[in-house]
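Asker: Dropping a structure here in C-alpha cells format, bear with me for questions.
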Amino acid sequence: MHIIESELNIFNKDLSDTINKYPNKITKNISDFIFSKSKRIRPILLILTAKALNLDITEQLINLSVASEIIHNATLIHDDIIDNSNIRRGRVSLNIELGNNLSVLSGDILLSLTMQKLIQCGNIEILNIFAKSLTKMCIGEINQQFTLNTITKVEEYIEKSQYKTAELFKAAFESLCILFDIKNKENIISFSINYATAFQIRDDLINILKTDKTKPSLSDIYNGIYTLPVIFLAEENKGNFENLTKEEIIDKLSTNSKAINETKKQIEKYADKAIDSLNFIRDNQYKDKIIELTQNLYKAF
C-alpha cells in the first residue's frame, strides 16, 4: 500500500524485532507464521486513520499497531488448536507443524510480548482496555463452544462476532483516541466496531463460498459453528432444518442464493455504517483509502 509504505516498513521492522526479542527454538516458526500472507488490516487501518486525521506516526502508535497485530496472531494460533485446523494463510498451521503443546506456548509467548508493547505505549488505560478486550474475546469463544450445532438468532450471532472480532478492533481504535486525545472518540469507535462486524460476517461467508484457498473451507459447518448464512437458511426451512445433515446444509447453501444474498446485505449494512462514522473527517487520500478498503468487504466477491 504505497501511500503508507514507509510507515508499514517501520511497523514491519518493529514487529520483527519484537518477535525475535527472546530467541528460542520456535522463534522462527512463530515469525514465519506471522509474516506469511497476513492482511495486516489492523495496523493498516490504524495508520491510515491517523494519517487521515493529520496525526504524527509516533513510536507509541507503532507500539499500538504491533501489539494489535501480535495479539490477533496469538488468538489465531489458539483458535486453530481449538478447531483442529490444518491450514492457515496457505501454509500448515502451527498446531500441525509444532503440535498442540508448543502451539499453545507460541500463542502464550505472543500474548506476553503484547503486554510489553502495550506498556511501551506509556498509558496504563490502554493496557486496561486490551485486558478487558481479551477477556471478552475469550468469552465470545466460550459462548461459541456452548452453541455448537445450534441455530442462534441473528442478534446473538452479531453479538458473538463482536466479542470475537470487533473487541480487538475497538480496543486498538479506542487506544488510538487516548494516545492522541481525539475528540470524535465515539465516531472512531463506531467505525472500528462496524468495520470489524462486516469483516467477520464476510470471513464467515468466505468459509462457506470456498473463495479463500489459504484457509480451510466449510470448516465452520463441519465443526458445528453455524454462522449467518446457515442462520438465514434455517429461517427459510423452519421445522425441517434440524433434520438436515451437515452435507445437506452445504448442498442447500450451494444452490440457495437467498441466504447468501441476505448475508451479503448484512456485510454492506455494517460496512456502510462504518463509512458513515467517518463523515467528520475532511476528505483526503487516506480517508479515501479507508473507504475503499471498507467497501471492498462487500464489493470484492
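Asker: Summing -39500 (n - 2.57) over the DSSP H runs of n ≥ 4 in the chain and dividing by its residue number, what mean residue ellipticity at 222 nm do you reach, to the nearest 500 deg cm²/dmol?
Answerer: After summing the helix terms and dividing by residue count, I get -22500 deg cm²/dmol.
Asker: What ranking do 146-152, 15-21, 44-50, 179-185 get when scored by the average of other Cβ atoms within 10 Å per residue, highest first?
Answerer: 44-50, 15-21, 179-185, 146-152
Asker: Any chance you could give the angle, 0 to 90 degrees and rounded to 10, that helix 185-209 forms with the longest Cα principal axis of the chain?
Answerer: Taking the Cα atoms of the chain, the angle to 185-209 is about 40 degrees.
Asker: Let me ask something additional. Using the Cβ atoms and a cut-off under 13 Å, what net charge is assigned to the surroundings of Leu134, where Lys and Arg are +1 and Asp and Glu are -1?
Answerer: +1
Asker: What is the distance in Å between the Cα centroid of region 200-264 and that of region 52-117?
Answerer: 27
Asker: Once a ≥ b ≥ c are taken as the square roots of the eigenvalues of the Cα gyration tensor of region 82-229, is the result rounded (a/c under 1.5), prolate (a/b larger than b/c) or oblate (a/b not larger than b/c)?
Answerer: It is oblate, given that a/c is not under 1.5 and a/b is not larger than b/c.
Asker: Going Cα to Cα from Lys265, which aspartates and glutamates come in below 17 Å? Please leave out same-chain ones fewer than 8 positions away.
Answerer: Glu155, Asp203, Asp204, Glu235, Glu236, Asp276
Asker: Now for a separate question. Normalised by the number of residues in region 166-291, what is the relative contact order in percent for Cα pairs under 8 Å and 6+ residues apart?
Answerer: For region 166-291, the relative contact order is 32 percent.
Asker: Also, I was wondering about something else. Counting alpha carbon pairs within less than 8 Å and at least 6 residues apart, what relative contact order, in whole percent, applies to the chain?
Answerer: Here the relative contact order equals 19 percent.
Asker: With the cut-off at 1.5 for a/c, could you classify the chain from its C-alpha gyration tensor as rounded, prolate or oblate?
Answerer: Taking the square roots of the gyration eigenvalues as a ≥ b ≥ c, the chain is oblate.
Asker: Hey, what do the phi angles of region 281-298 turn into as Karplus ³J(HN,Hα) couplings, whole Hz, using 6.51/-1.76/1.60 and θ = phi - 60°, x for Gly and Pro?
Answerer: 8, 4, 5, 7, 5, 6, 5, 4, 5, 4, 4, 4, 4, 6, 5, 5, 4, 10
Asker: Please report the net charge: other residues with Cβ closer than 11 Å to the Cβ of Leu244, K and R +1, D and E -1.
Answerer: -2
Asker: Quick check: Cα centre of region 151-173 to Cα centre of region 118-142, how many Å?
Answerer: 15
A short reminder: the numbers here are calculations on the coordinates, not readings from a lab. Quick caveat, the model's predicted, so the values are computed rather than measured. Every residue, glycine as well, gets a Cβ built from its backbone with ideal geometry; the counts of neighbours run over all protein chains shown.
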